[in-house]
Amino acid sequence: MRTKNSERGSLRREFIKRASVGAAALLNPALIRANGGELNMYTQEERNGKPRRVIIDTDPGTDDALAVFLALRSPELKVEAITPVAGNVPLSLTLPNALRLVEIAGRTDIPVAAGADRPLKRRLVTAAYAHGENGLGGVQFPEPKVRPVNERAPALIDRIVRDAPGEISIIAIGPLTNLALAFHENPQLPRMLAGITLMGGSLSGGNVTPAAEFNMYVDPEAAQAVFRSGVPITMVGLDATRHAALSEEHISTLEKSSDPVAHAAGQITRAVMNHSRKAGYSSGPVMHDSLAVATFLDPSLVKLQEYYVEIETQGEFTAGETLGYRRAPVRRSAPFEDSAAGESAAETFQPNCKAALDVDAGRFFSLLIGRLTGTQTAVPAGRV
C-alpha cells in the first residue's frame, strides 16, 4: 500500500516530467527561449509578433475590473474568454459584472462563461466588505445587454486549450475553482497550457487571516490542485502587490479622462478610496489583480524567484496559507507516531512556480494608467 509520502513523491516527479524543458519542447518547441540564462515561455505567436492568447479567470471585484480593462486594452493579448467565478462576491454578481466590463470596453465579441458558484469543498466566504455589495464598489452601472454563453467555464476552458495546445495561457485573478474543476475533468489539460499567471498567495503573511491571502483562503483545495498539477505558474502575491496602491493622482487622471474605460475605472476606484478613507486607511486601493496582468505583459516589472509552493488545507487557522520553499529540504510537520513506516518529514526540492517578490511600482502604474486612458499603447520595454 502506498504511503502519503510516496504519493507526494509521485506528484512531484509528475511535475518534473510536465514542467521540464524537455517536456515543454516536445509539446511545442516554440514555447522555450533562453534569455540571460533564464528560461521564459513564449508561443509561436509571440515570435511572429502576434498577440498572446489568454483566458481571464476572474471574480469581479473592484481590482478585477481594472485588471480586465488592462487586458482588453493591451494589444499584446488576444483574450479568448472571460470565466467568472464566485469569490469577492457571489457568482450572481461576478457574472453580470464581467458582462458589464466587456460592454464598457466595447469587447462584447469575447465570450463570457459562468463558472463555479462555490468552492470545491467549503462554504463561500466573500469580500463584499472591501468590494461593495455589488462587487464594483457600489457604483451602479447599467444592466448588461450581452448574455453569457451556454457553455460552463470549465468546459469552455478545456475546449479552447485542447483546440490550441501549447498556445493558451490563463491569467487567474480569483479563487482557482474553475481551473481545478477543468483539470479534474481533463487531467491532461495542465500539460496543454502554456502557463498560468495568477494573483494569489503570499510568502509574507496574509490579508484575510494572518496566514492566508484571500483567493487562496476562499478555495485552498482548488489552489492545491492547481499548484500540484505541473502547469508552469507565475504567482503574483501580496509580497509584490502590497506595493501597488493607487494614489489620488492616479484616480484623478482616470476621472478626468473622456475615455469610457478610464471613466468607469475612475468611478470604481474613487468609491473604493472613499470607503478606505472612512475606514481610517491612509493608502489608496491596491491593484492586486492588475499587477498579475501587467506581469504577464512585462515580467521585468517584478522580481521573480523560483519556489516550491504548497497550499495548506488542513489548518484550523491557516487554511489557504502558501508555504514557499527556496531550497531543500521541503520539510513538513513531524510524522505522528501512528504514521506509516518510512514516512519522512523532509523531501527533495523542485520548484513549481516563480513568485513575485517585489515590483517597480512606477513603471507598473505608467502601464496601467496609460492603457486605461488610451495614452500608452506601445509594447512595454521588458517584452521586446
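Here, each number is a calculation from the coordinates, and none is a lab measurement. Just so we're clear, the structure is a prediction, and the values are computed from it rather than from any experiment. Note that we place each Cβ from the backbone using ideal geometry, even for glycine, and neighbour counts take in every protein chain shown.
Assorted remarks:
- Those GluC sites (Glu not before Pro) in region 288-377 that DSSP places in a loop and that have at most 10 other beta carbons within 10 Å: Glu316, Glu337
- Cα centroid of region 165-211 to Cα centroid of region 65-104, whole Å: 16
- Links that overshoot a 29 Å alpha carbon limit, given the list Lys50/Lys303; Lys121/Lys278; Lys121/Lys354; Lys256/Lys278: Lys121/Lys278
- Tensor-based shape of region 104-239 (alpha-carbon gyration tensor, a/c under 1.5 rounded, otherwise prolate or oblate): oblate
- Put simply, when 235-241, 206-212 are sorted by average Cβ atoms within 10 angstrom per residue, most first, you get 235-241, 206-212.
- Taking His243, His250 and counting other C-beta atoms within 10 Å, the order from fewest to most: His243, His250
- Local electrostatic count, Ala105, Cβ distance below 12 Å [Lys/Arg +1, Asp/Glu -1]: +1
- Residues Tyr325, Tyr281, Tyr129, Tyr308, arranged from fewest to most other Cβ atoms within 10 angstrom of their Cβ, appear as Tyr129, Tyr281, Tyr325, Tyr308.
- Percent of Cα-Cα distances greater than 21 Å, calculated over region 245-330: 55
- Which of Lys354, Lys303, Lys145 has the fewest Cβ neighbours within 10 Å, and the rest in rising order: Lys145, Lys303, Lys354
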